[in-house]
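The values are calculated or read from the model by the stated rules, or taken from the named source; none is laboratory data. Worth saying up front: this structure is predicted, and the values here are computed from it rather than measured. Cβ atoms come from the backbone with ideal geometry, glycine included; neighbour counts cover every protein chain shown.
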Amino acid sequence: MDSNNAIVALSALAQPTRLETFRLLVRREPNGVAAGELARLMGVPQNTMSAHLAILSRAGLISGERRSRSIVYRSDLARFRDVLGFLLNDCCNGRPEICAPLLQDAIPCCPPKESCP
């Protein structure tokens, strides 16, 4: 990933509705959420949500798939991983022990749902 792609992705997330939409889509992986349902859940008009989804999609952070009359959106976790990797590249000038706490914080706080009792 280059600086320009990282800036586009980070800029897309630098708005409250888009950031929360992306976070919601990450929580709903792998099923995704229909555009109309996203608008309802986020409490924004459908045309406004459509504009937000377009920005996130152009940034490569989400993708939409037509299912019947709906478009179901999913987060692109590989692209997000690329953004995180870009931010952590050359972490702490080659001194990984400095970044260890940051990397530890990036580990999920809970196990995947399928392993929950």
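Which of the residues belonging to region 49-64 are surrounded by 13 or more Cβ atoms within 10 Å (Cβ to Cβ) and either in contact (Cβ under 8 Å) with a residue 40 or more places away in the chain or of a type in the set (S, T, Y) (or both)?
S50, I55, L56, S57, A59, G60, L61, I62, S63
Looking at (1) crowded, with 19+ Cβ neighbours inside 10 Å; (2) on the phi < 0 side of the Ramachandran plot; (3) not aliphatic (A, V, I, L, M), which is the one condition that is false for R67?
Evaluating R67 over (1) crowded, with 19+ Cβ neighbours inside 10 Å; (2) on the phi < 0 side of the Ramachandran plot; (3) not aliphatic (A, V, I, L, M) leaves (1) as the failure.
Which condition from (1) closer than 14 Å to R28 by Cβ; (2) surrounded by 12 or more Cβ atoms within 10 Å (Cβ to Cβ); (3) without any contact (Cβ under 8 Å) to a residue 40 or more places away in the chain is the one that L88 breaks?
The number of the failed condition is (1).
Yes/no matrix, rows are residues, columns are (1) in contact with a helix residue (DSSP H, G or I) (Cβ under 8 Å, 6 or more places away or on another chain); (2) among the hydrophobic types (A, V, I, L, M, F, W, C); (3) under 19 Å from L19 (Cβ atoms); (4) at pLDDT 90 or above:
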{"site": "E65", "(1), (2), (3), (4)": "no, no, no, yes"}
{"site": "I71", "(1), (2), (3), (4)": "yes, yes, no, yes"}
{"site": "V83", "(1), (2), (3), (4)": "yes, yes, yes, yes"}
{"site": "N89", "(1), (2), (3), (4)": "no, no, no, no"}
{"site": "C92", "(1), (2), (3), (4)": "yes, yes, no, no"}
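Evaluate region 32-46: report whether one residue or more is in contact with an Asp or Glu (Cβ under 7 Å, 6 or more places away or on another chain), farther than 23 Å from M1 by Cβ, at pLDDT 95 or above and surrounded by 12 or more Cβ atoms within 10 Å (Cβ to Cβ).
yes
Does E29 satisfy the condition of being loosely packed, with under 15 Cβ neighbours inside 10 Å and touching a helix residue (DSSP H, G or I) at 6+ places or on another chain (Cβ under 8 Å)?
Against the criterion (loosely packed, with under 15 Cβ neighbours inside 10 Å and touching a helix residue (DSSP H, G or I) at 6+ places or on another chain (Cβ under 8 Å)), E29 qualifies.
Quick grid of which residues meet (1) within 13 Å of the chain's Cα centre (by Cα); (2) not charged (D, E, K, R):
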residue	(1), (2)
R28	yes, no
A34	no, yes
M42	no, yes
N47	no, yes
S57	yes, yes
E65	no, no
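Which members of region 72-99 meet the condition of being in contact with a Leu (Cβ under 8 Å, 6 or more places away or on another chain) and hydrophobic (A, V, I, L, M, F, W, C)?
F80, V83, L88, C91, C99 - these are the residues of region 72-99 that are in contact with a Leu (Cβ under 8 Å, 6 or more places away or on another chain) and hydrophobic (A, V, I, L, M, F, W, C).
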